[in-house]
Structures are given as C-alpha cells and as structure tokens.
1. Where does the chain land at 222 nm, in deg cm²/dmol rounded to the nearest 500, when only DSSP H runs of n ≥ 4 count, each adding -39500 (n - 2.57), divided by all residues?
2. Does the stretch 1-143 come out rounded, prolate or oblate by the C-alpha gyration tensor, with a ≥ b ≥ c the root eigenvalues, rounded set by a/c under 1.5 and, if not, prolate when a/b is larger than b/c and oblate if not?
3. Please give the FRET efficiency for LEU114 paired with ASN31, using the beta carbon to beta carbon distance and R0 = 41 Å, rounded to the nearest 0.05.
4. Pick out which of SER75, SER59, SER37 has the largest mean-square fluctuation in a Gaussian network model of the chain, springs linking Cα atoms closer than 10 Å.
5. Below 8 Å, C-alpha to C-alpha, sequence gap of six or more: please give me the relative contact order for the chain in percent.
6. List VAL165, VAL6 from most exposed to least, where exposure is judged by having the fewest other Cβ atoms within 10 Å.
7. Show me, for the stretch 135-150, the HN-Hα J-couplings you get by feeding each phi into the Karplus relation (A = 6.51, B = -1.76, C = 1.60, θ = phi - 60°), rounded to Hz, glycine and proline as x.
8. Just how far, in whole angstrom, is the stretch 17-84 from the stretch 127-206 if you go by their alpha carbon centroids?
Amino acid sequence: MSKYPVIVFEGIEASGKSSSLKKIIKYLKMNKIKYVSFREPGGTNLSEKLRSLMLNKKSSLSNKTDLFLLMASRSENIDKIIKKNYKKKVILIDRFVDSTLAYQHYGMKFDKDLILKMNNFLLGNLRPNFTFLSVVNKKNMLNRLKLRKNKNKYDNFDYNFYNKVQRGFLKIANKNKSKYLILDTNKDSIKIIENKLIDKIKKILK
C-alpha cells in the first residue's frame, strides 16, 4: 500500500462515520503525518455550493439532478484535491464512490451500470486503498438523528430507505473484505471502535 493512501469513511446517517474520520485525523496530527480531508458531496468551494443545493431541506431537486450534481462535485474534487495530493499526503474522504452506489442504486434504484460507468469515467485508475464502514441499527440511528440540531434533506428519509442503503454498503464491503473494516457502532463502545481504527490505520501506514 502507498505511504500516503486514499482512505474512505462510509455509512448511513448517524452511523458514526464522521466520528471515525475525526479519530483518524487526530491520530495523524499527533504523529505529524501529512494528510488532506474532505467530504462528499462537498470539498472544493464549488463542490460545497453544490452540496448546499443538494442537501437543502427545502430542495425540490429530483433524485436524478442530485446524482449529476454529486458527480460534478466529485469531478471537481478529483481534479482539484485528489490529483494534487495523491501519494503526497494521506487522503481522507467522508463518503465517496460506495455512497453513490449505496444511495443512488440500492436506495433509489438507479441503474447500477450507469453509476459505475460515471464513476469509472471520473476516477480512471484511481481507487481507494481502504474503507472504514460504520453500521448502526434502527433504534440507535433514530435516537441519534433526534439529537441533531441541523438536519438536511438526507436526514429525513424513512428508515426503510436507510435500511436498503446500509444493506447495499454491506454487499459492497463483503465483495472485497480485505479492503474494508466494518465498525458495529451498536455493540462496540466508543473506545473499542477507536482502538480498532488506530490498530488498522497503523497497519495501513506501515
């Protein structure tokens, strides 16, 4: 694996995905390891504007429009962030190509081959080196979402949708188990999850 890998953090809403990312950032900072981090949708200045269009609670954009905005955001991130830092810094991404498959294909039933072709067109030979996938059950997810002060459009689907998306994530991960670590935030304590994250990142960066 590269000295500066591309590492992705995936999971449905309130799964603990972003908390895992913060733990890894803290570890990299403590060990003075160069990194860059961004989220999807979002990233560059333009990508963040596209994010605000997509995730606005009052948005009336169609799911198809969201898909194209997401790909436009990703295109900008690849050109302006990933290519600039590839193999020069550890690249940490809060959601990436697996999210598009999980949400837009498994959740919204868009054609899988179309999404794969769009991603392949944008990424070329680039692929994430490792992915941390956080999973959560219905009770914990709903309880955590209740505590969120600022909710966006994607925080307001019914649970059946999130369940489809999470099953999609697990299908993706189980096809290439060596490149995924599944973090069960229902049964493991915050400390146990942190230990798993740090143990794995040490191995990845060796």
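1. Result for the chain, helices only: -14500 deg cm²/dmol.
2. In terms of gyration-tensor shape, oblate.
3. After rounding, the FRET efficiency stands at 0.50.
4. Maximum among the listed residues: SER59.
5. Relative contact order comes out at 36 percent.
6. VAL6, VAL165
7. Along the stretch 135-150, the couplings run 10, 8, 8, 4, 4, 5, 4, 5, 5, 5, 5, 4, 7, 6, 7, 10 Hz.
8. 17 Å
Taken together, the values in this text are just the output of simple stated rules run on the coordinates, not laboratory data. These numbers were taken from a predicted model, which means no experiment stands behind them. Heads up, the Cβs are rebuilt from the backbone with ideal geometry, glycines too, and the neighbour counts pull from every protein chain shown.
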